[in-house]
1. Given axes a ≥ b ≥ c from the Cα gyration tensor, I'd like to know whether segment 224-308 is rounded (a/c under 1.5), prolate (a/b larger than b/c) or oblate.
2. If each DSSP helix of 4+ residues adds -39,500 (n - 2.57) and the sum is divided by the residues in the chain, what number results at 222 nm, nearest 500 deg cm²/dmol?
3. Only sites in a loop by DSSP and with at most 13 other Cβ atoms within 10 Å count here; which trypsin sites (Lys or Arg not before Pro) in segment 175-233 make the cut?
4. Find, among the GluC sites (Glu not before Pro) in segment 183-276, those assigned to loop by DSSP (not H, G, I, E, B) with at most 15 other beta-carbon atoms within 10 angstrom.
5. Please go through segment 124-178 and write out the GluC sites (Glu not before Pro) that DSSP classes as loop and that have at most 16 other C-beta atoms within 10 Å.
6. Kirkwood-based Rg over Rh for the chain (C-alpha set), two decimals?
7. Quick one: among Phe240, Phe217, Phe24, which has the greatest mean-square fluctuation in a GNM of the chain with alpha-carbon springs under 10 angstrom?
8. In bins 10 Å wide, starting from 0, what share of all Cα pairs of segment 193-376 does each bin hold, as a percent?
Amino acid sequence: MNTNQLRQEIIDYSKEIGVDKIGFASADVFASLKDRLKRQQELGYQSGFEKGSVAERTEPDRLLPEAKSILSIALAYPSRMKDAPKSTRDERRGIFCRASWGVDYHKVLKEKLEKLAAFIEEHMSDARTKLMVDTGELSDRAVAERAGIGFSGKNTSIITPEFGSYVYLGELITNVPFVPDTPLEDGCGSCTKCLDACPTGALVQGGQLNAQRCLAFLTQTKDFMPDEFRPKMGNFIYGFDTCQAVCPYNKQVDVHNHPEFEPEPEVAKPKLKPMLRISNREFKERFGHIAGSWRGKKPLQRNALLALGHYKDTTAVDDMIAVMTNDPRPVIRGTAAWSLGKIGTDEAFAAIRKAKDKETDDDVLAEMEKGLGFATSPTN
C-alpha cells in the first residue's frame, strides 16, 4: 500500500473511532519554537511542568529515530454544562475549568492514538510509532498548528474553525513519510479580547504566556498562593479559562460529541465546604477520574479555602476554624487563616488570635497576621 492511500485510510478510520479532526505534519525540527522556548526560559516564563529538554521538545527524531511525519488529532469538548447546580448562600460551589470536565482526556486521547498506531503498523509492517498527549516532550499546539488543525491564537490556544479552542490535542510520531497538510492562516487579526480579559497580565503579548502569572497554572501549585493572585481566582478550584471564554471563535461553540467528556455537575461544580474535610479515599473515588485530580487534593483544598474567602461565606467559618486548628499541612492551615480574615466575622478573628498562640510554623504565623490585618482594612 502506498502512503497516499494509507493516509486516506487513516483519515477514514480516525472518523470511525471518534476523532473529530486529524492532520499530518512533517517531523522537521521546530526551529522557531526552539527559539521561543529558549527565550521563555531566559525570561522565567515556564511553568516547570514541561517535560524534556528544549532539544527533545523541538526535534522529533530524538524521540523516534528516523521520524518522518507526525499525526495530530483533536477531540472537541463541551463549553456548557447541562443542569449545572447553582451556588447558594448556604452551599457555595467551586468550579473546575472546562478542560477538566468528564473523564481525564489524557486517557481518552491515548486510546484513540493507540488505535491509530495499531492501524498504521497493521498496514505497514516496518512502521514505527510513538504517541503522546499533553505530558510528552513535543508541544501539542506546535504540532497541531503545523498539521493544519488550527492556528495558534493570541491566548496561546489552538483555535480550530469548527470547534474554536475547545479541543484536546494529541500526536503520533511515525517513520512513515506522509504528505503534510497546510497550516492555517492566523485568524486573530487585531482582536485583543483575551489579552484584555486576562486578570493577571499572564498574556504578556499575543501568543506569549508567562506561566508564572497564569491562574490556570497557579491553581495547580501546592505552595501558598501568592498574595496578588488570591483576589483574582473567584471560585475556580482548578484551571482558569477566561481567555478562552471571551474568544469570538468560541462564542457559539458547544460540542457534545463524546459522552465521556460530559461533565458530572456535582463533580465539575463541587460544594466547597465538603472539599475541606474530604479524605484521600473519598477524593480518589469522587475526583480520581478527572484531569483536575492529577496534583492530588491539597491544591484543590487550598483553592476551596480561597474561594470561600472570596464569597465571604460566613456559614463556612466553623469548618475553616477546624482546618486552621487541626490540619497537619502548613499551607492549608495558613490559607484557612487568611480566608477567615477575609470573611471577617468577630468569631473568625477571635479564632485566628487563639490559634496564633499555639502555632509554631513561621509561614502559617505570617498568614495569620495577614488574616488579622483584614480587621483594619477598609477594602475587606
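1. oblate
2. It lands at -11500 deg cm²/dmol.
3. Passing both the DSSP loop test and the Cβ count: Lys222.
4. Here the sparse-neighbourhood loop sites are Glu185.
5. Glu162
6. 1.03
7. With Cα springs under 10 Å in the chain, the top fluctuation among Phe240, Phe217, Phe24 is at Phe217.
8. The percentages, shortest bin first, are 9, 33, 33, 18, 5, 0.
Each reported figure results from applying straightforward, stated rules to the coordinates on display, with no laboratory input. What you are looking at is a predicted structure, and each value in this text was computed from that prediction instead of being measured. Positions of Cβ are backbone-derived with ideal geometry, glycine not excepted, and every protein chain shown enters the neighbour counts.
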